[in-house]
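The values are calculated or read from the model by the stated rules, or taken from the named source; none is laboratory data. Source: prediction; values computed, not measured. When the accessible area is computed, the model is the full protein with side chains, heavy atoms only, and any ligands, DNA or RNA have been set aside. Shrake-Rupley method; radii C 1.70, N 1.55, O 1.52, S 1.80 Å.
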Amino acid sequence: CRVFEDYLYVCNSWSGQVIKFNITSSGELEEVTRYSANETTMGIEVDQNGTVYYDRYWTPSLYSIDSDGNEKVLFESQLVSPMRYLCYYGKTIYAVQNEGVDSGGGNSGAVIKMYVGIKQAPNYGKN
């Protein structure tokens, strides 16, 4: 999951959805919308403009949802699967293949670097 401004974004890997919740002033969560990926979603990150990036476990692409709710496919078929984690640093997202699962190409645990050109959102809760 990832927080941006007053929203919590969650990858629900069982339902294959990215869910957006509003965080109320009392700290309660109110569901705003669900984006259906139709596949297991795993990693999630957010940039400083509020664009959400996520991966699908078995699809070697990166996906985004902009602040208006428009979904895009990025780096289509350029990653490795199964994807597991996303990590944002500066203007780059790193995707990590699930270690221990080798698709035959010897890429188990591979790390893929994707320059997106926009800085990551603040990490709330860090000093």
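Before moving on, here are some points about what is shown:
- Count of region 40-94 residues which are open to solvent by 40 Å² or more (accessible area, probe 1.4 Å), of a type in the set (Val, Ile, Thr) and assigned to a strand (DSSP E or B): 1
- When residues of region 1-38 are limited to those that are open to solvent by less than 70 Å² (accessible area, probe 1.4 Å) and of a type in the set (A, V, I, L, M), the one farthest from the chain's Cα centre (by Cα): Ile23
- Within region 3-48, tally of residues that are among the charged types (D, E, K, R) and closer than 13 Å to Ser64 by Cα: 2
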